[in-house]
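Take a look at the structure set out below.
Just so it is clear, none of the values below were taken in a lab; they were calculated from the coordinates. These figures come from a predicted structure and were not determined experimentally. Reconstructed Cβ throughout: ideal geometry from the backbone, glycine too, with neighbour counts over all protein chains shown.
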Amino acid sequence: MKKSILSLVLVLMLFSCKSTTNTNGKKVLYEVLLQQNDGGGNINFYEILTESKEIKMLQNDKKLKGKISTDDLQQSNFVILNMGQKPTGGYAITVESVTETDKNIVIKVKEINPDSGAMLTQSITYPYTVVKINSKKPITVQ
């Protein structure tokens, strides 16, 4: 049981640190600011924050302190990905890809379910992820 819990923690840490790389001097298109297996909403939904007053609410979150600058209020949008209530641990929600077109930003979301037969925490969880999009273009989530 300790091995599976340790494996789950390692996987979540890997996903929580994922962001695109900046290899050609261009601005990074997106960053995963926070990925947690608990603390999200009760239902599955994606929320796009574009207004300064909405983004300021994120700045006040203890887990996001120091990750959102004043410039981000004018230059970035944010997306909250909620997976909803899950019966056990082992679930996660993350970004599969982010693509910029001439007109918008397209985010492909990946929901991760635990392997069948895996040893899991037996408590209800609420997985969620907060993503910073370094653009003010309209966002579509798939």
**OP:** Tell me which of these Gly90 doesn't satisfy, since it passes every other one: (1) out of contact with any Pro (no Cβ under 6 Å at 6 or more places or on another chain); (2) farther than 20 Å from Tyr30 by Cα; (3) of a type in the set (Gly, Ala, Ser).
**Re:** (1)
Original post:
Does segment 117-127 contain at least one residue that is buried (at least 17 other Cβ atoms within 10 Å of the Cβ), in contact with a Leu (Cβ under 6 Å, 6 or more places away or on another chain) and hydrophobic (A, V, I, L, M, F, W, C)?
Top reply: no
Original post:
Is segment 64-79 home to any residue that is in contact with a strand residue (DSSP E or B) (Cβ under 8 Å, 6 or more places away or on another chain) and loosely packed, with under 15 Cβ neighbours inside 10 Å?
Top reply: no
Subject >> Test: residue in segment 25-36 that is surrounded by 14 or more Cβ atoms within 10 Å (Cβ to Cβ), under 19 Å from Val141 (Cα atoms) and in contact with a Cys (Cβ under 8 Å, 6 or more places away or on another chain) >> reply: yes
Subject >> Qualifying positions in segment 47-60 - part of a loop (DSSP other than H, G, I, E, B) and either touching a residue at least 24 places away in the same chain (Cβ under 8 Å) or surrounded by 15 or more Cβ atoms within 10 Å (Cβ to Cβ) (or both) >> reply: Thr50
Subject >> Criterion: touching a helix residue (DSSP H, G or I) at 6+ places or on another chain (Cβ under 6 Å) and closer than 21 Å to Lys137 by Cα - qualifying residue of Ile80, Ile107, Ile55 >> reply: Ile55
Subject >> Hits in segment 84-100 (condition: over 11 Å from the mean Cα position of the chain (by Cα) and in contact (Cβ under 8 Å) with a residue 24 or more places away in the chain) >> reply: Gly84, Gln85, Lys86, Pro87, Thr88, Gly89, Gly90, Tyr91, Val98, Glu100
